[in-house]
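See below for the structure under consideration.
Please treat every number below as a calculation from the coordinates, not as lab data. Quick caveat, the model's predicted, so the values are computed rather than measured. Here the Cβ positions follow ideal geometry from the backbone for every residue, glycine too, while neighbour counts run over all protein chains shown.
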Amino acid sequence: MKILSKLRLACIALSLSAALALVSCGEVPDVEGGELIKKARDAYASLDSARVVMTNMESGEQEQEFVFKYDEKGILTYSYVGKSDKSSYAQFNNGLESFTDENGKVTHLVRGDKDFAAYSKDAKHPQADKGLVIYQPASVKEAEVTEENGITHIRHDYDMEKISPELEEGEAEAFYADYYFKGDELLYFTETTEADIDGSKKTYAYKIEILDKNSVTAVENPVKG
């Protein structure tokens, strides 16, 4: 599973980066809840720093973390750590050099190397841009908005003929995105994939939270040289 700069994420079901493949192109009509989601996407893309965590809702284990911070010149420093039952991946990039650990194999690149990519506020990393918060109205077949105890719950059921979630094994049969708002503030969202693995049904559910908004002081390098 790849995104820009050849960053491969290591989760079983739809991940933070896989959601980027669902960003819509062109103007299409909103579905229910769309206006709130678009505000949340824009708010995230405007942040100077944040920590994004993805938690497996069945095990309660954090499986991915993406931390980013722009410096005074708008250059991005970020770290990513992800794992699954079958793989692990970590990367650090400060705009001048990058360190990557893929299943125990460590590589180091510097600016000017063929595969090196640097990011900034003008050339955003996909996971630091609004595409992190999934929303593709043209691919939503059912949408519902409910209110309970001051929380707005938006649920989008995606058409599997229009999206192609990538799994480490099996075939995806359904995908749902659920968003939880308090007023205009996105508290968190979830991604749920129902899959068929050799005739057995399996559900993968992940909770994505955007934390430490504009309060990250430093980004640590998770890759051990």
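In terms of distances greater than 25 angstrom between alpha carbons, the cross-link table entries 83/105; 86/124; 39/69 yield 86/124. Highest average first, the peptides 213-220, 74-81, 44-51 ordered by how many other beta carbon atoms sit within 10 Å of their residues are 74-81, 44-51, 213-220. Annotation for the range 52-99: GluC sites (Glu not before Pro) lying in DSSP loop with at most 13 further Cβ atoms inside 10 Å of their Cβ are 58, 61, 72.
Close amide H pairs (under 5 Å, H built 1.01 Å from N) link residue 188 with 180, residues at least 5 positions away or on another chain. Taking 0.36 nm per residue of separation and subtracting the Cα-Cα distance, full extension of the segment from residue 59 to residue 173 would add 38.9 nm.
Phi angles across the range 52-65 convert, under the Karplus curve 6.51 cos²θ - 1.76 cosθ + 1.60 with θ = phi - 60°, into 3J(HN,Hα) values of 10, 10, 10, 10, 5, 6, 7, 8, x, 8, 6, 10, 9, 9 Hz, Gly and Pro given as x. Compute the FRET efficiency between residue 149 and residue 218 as 1/(1 + (r/R0)^6), taking r as their Cβ-Cβ distance and R0 = 30 Å, and round to the nearest 0.05. My answer for the efficiency is 0.25. Farthest towards the positive end of the charge dipole of the chain, among the residues 137, 118, 90, is the Cα of 118, using unit charges on the Cβ of Lys, Arg, Asp and Glu. Highest-first packing order for the peptide set 195-207, 178-190 is 178-190, 195-207, based on the mean count of other beta carbon atoms within 10 Å.
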